């Protein structure tokens, strides 16, 4: 029978706090915003989209650096990068009218599958 964790037992757990996962999700959102900003910056020739893109990337990197205090780098970075890649692709197709074919669809599916596999495996390793 499982006994409830005492306060000192919980602090010894390898389980990262839920806030790390929320920060990681927020970092992904800022990475996506940065990439979208880049597409509007026209090669850094338009000031406002350029500044917004750089600011978004700065915030994304800042957040993911804090996430790596709680989550292993081998988990945090691939989830951040893969989720950002999938998100940018979906927004590019859905909002910006970019084309999609079966190869792009397979590529995004493989990225998502990879993120899921890394996340599922991390639960066994880090107690997430």
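No lab work stands behind these numbers, since they all come straight from the coordinates. Fair warning: this is a prediction, and the values are worked out from it, not measured in the lab. Positions of Cβ are generated from backbone atoms using ideal geometry, with glycine treated the same way; all protein chains shown enter the neighbour counts.
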*Peptides 83-95, 105-117, 28-40: what's the order by average Cβ count within 10 Å, highest mean first?*
28-40, 83-95, 105-117
*When the label point is put 7 Å from the Cα of residue 98 along its Cα-to-beta-carbon vector, which residues of segment 14-33 have a backbone N closer than 18 Å?*
28-33
_Quick check: from the Cα gyration tensor, does segment 25-66 come out rounded (a/c under 1.5), prolate or oblate?_
prolate
_Run the Debye formula on the Cα coordinates of segment 16-126, all scatterers equal and no solvent, and tell me log10 I(q)/I(0) at q = 0.12 1/Å._
-0.46
*Contour minus Cα-Cα distance for residue 19 and residue 69 (0.36 nm per residue)*: 16.9 nm
*Which whole-number percent is the relative contact order of segment 16-126 (Cα, under 8 Å, 6+ apart)?*
29
_Using the Kirkwood formula on the Cα atoms of segment 44-108, what hydrodynamic radius do you get, in angstrom to one decimal?_
13.8
